[in-house]
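The values are calculated or read from the model by the stated rules, or taken from the named source; none is laboratory data. Note that the coordinates shown come from a computational prediction; the quantities given were computed from them, not determined experimentally. No Cβ is skipped: glycine too gets one built from the backbone with ideal geometry, and neighbour counts run over all protein chains shown. Side chains are part of the model used for accessible areas, which takes the heavy atoms of the whole protein and leaves out ligands, DNA and RNA. Shrake-Rupley method; radii C 1.70, N 1.55, O 1.52, S 1.80 Å.
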Amino acid sequence: MKRLKMLLAGGTGFLGQHLTRYFTGRGYQVVVLSRRSGIGRVAWNGRTLGPWTAELEGAAAVINLAGRSVDCRYTLANKYAITRSRTESTRVLGQAIGACQAPPPVWLNLSTATIYADTAADRPANTEATGLIGRNFSEMVAQQWEAECWAAATPSTRRLVLRTAIVLGSTGGALPVMARLARFGLGTPQGTGQQWVSWLHVLDFCRAVEFLLARSELDGAFNLCAPQPLTNQEFNGLLDHYYQPRFHLPQPRWLLEIGAFLLRTETELILKSRKVIPERLLQAGFQFQFPTCRQALADLVPRLP
Ligand SMILES: NC(=O)c1ccc[n+]([C@@H]2O[C@H](COP(=O)([O-])OP(=O)(O)OC[C@H]3O[C@@H](n4cnc5c(N)ncnc54)[C@H](OP(=O)(O)O)[C@@H]3O)[C@@H](O)[C@H]2O)c1
């Protein structure tokens, strides 16, 4: 029997590697579009049409994960690269799908839960229906990213944008970094520690993608995050519990700003309050394997390298 083909644009990174393993294990033929050559990869530049577009013909699904890392200083040049890598890859994928003889029936485009404005203490959690869309740089990038997906002329292809929260895994993403900090006494509140953290176990990320692919009646924007966000203080407290370092270091905002400058990153990644609820996934009947952060960390921390 012919295997179903899944195309992962930008699938060489943290989430792409997990999706590759997950869907290969379920019998899919996974093809990765990458700017770097390698086994199972097809070359593209994330900007222009090319021979790679033939891979879309008859594919069962396409998922676009391409995007330059946001873990950098938001200089003008970096802002441009962050935005362009997302809008141009989405635009060219839309053009390629639109030109297919046998287009994939479903296209999932990554987006980010960072599309919502910083959640003030008195604001309810952001759902897809009532969430407050922000106007800062990263929030605008997310809107442009999604707009490219909706602007595509792909009438035979169901489209979903995945407003994904911080994905926790043992082999990449934010958790290994945070765990290293906790080991050295930095499992303490960052800033006030009252900012909300929305997160998702990487296995639930893959399971949610599978769920959305299978439910042909679903389209539009989906929040991909666990149903129980927690505060930064609670999150760090859970991590600290695993390492119990001999001393703890305070992390006031001013110190974090200096640290972020020296490490060439931005404090927004840890100080922005993100309170997001996966209302549409829950309404559709998706069941999380790791609904609480305590459960997710119990599974992941022992497997950290
Ligand atoms: N990880 C998270 O917690 C999280 C949360 C929310 C949203 N997201 C979004 O989900 C996507 C995947 O996340 P990830 O953690 O897997 O990221 P990642 O590990 O950084 O992988 C992203 C991939 O994008 C490709 N890429 C980078 N710059 C590019 C450019 N200028 N043009 C075209 N492709 C480019 C790279 O593939 P090649 O070098 O092989 O071409 C890279 O492997 C990203 O867009 C990210 O913003 C991630």
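Worth a mention:
- For region 104-123, the set of residues classified as surrounded by 17 or more Cβ atoms within 10 Å (Cβ to Cβ) and either assigned to a helix (DSSP H, G or I) or more than 8 Å from the ligand (Cβ to nearest atom) (or both) consists of P104, V106, W107, L108, N109, A113, T114, I115, Y116, A117, D118, T119, listed by residue number.
- Test: residue in region 258-277 that is basic (K, R) and more than 21 Å from D71 (Cα to Cα): no
- For region 84-103, the candidate set comprises residues that are of a type outside the set (G, A, S) and near the ligand (Cβ under 8 Å from one of its atoms); within that set, the residue that is most open to solvent (accessible area, probe 1.4 Å) is R84.
- Here the condition is being free of Cβ contacts under 8 Å to residues at least 24 places away in the same chain, within 25 Å of Q17 (Cα to Cα) and under 22 Å from the mean Cα position of the chain (by Cα); of S85, S69, it holds for S69 alone.
- Subset of region 133-184 [exposed (fewer than 15 other Cβ atoms within 10 Å of the Cβ), in contact with a strand residue (DSSP E or B) (Cβ under 9 Å, 6 or more places away or on another chain) and under 24 Å from L230 (Cα atoms)]: I133
- Test: P291 is touching a residue at least 24 places away in the same chain (Cβ under 8 Å) and farther than 23 Å from D71 by Cα: yes
- Of the set (1) within 14 Å of the ligand (Cβ to nearest atom); (2) at pLDDT 95 or above, all apply to S37 but (2).
- Residues of region 48-83 that are more than 24 Å from F205 (Cα to Cα) and near the ligand (Cβ under 7 Å from one of its atoms): A81 alone.
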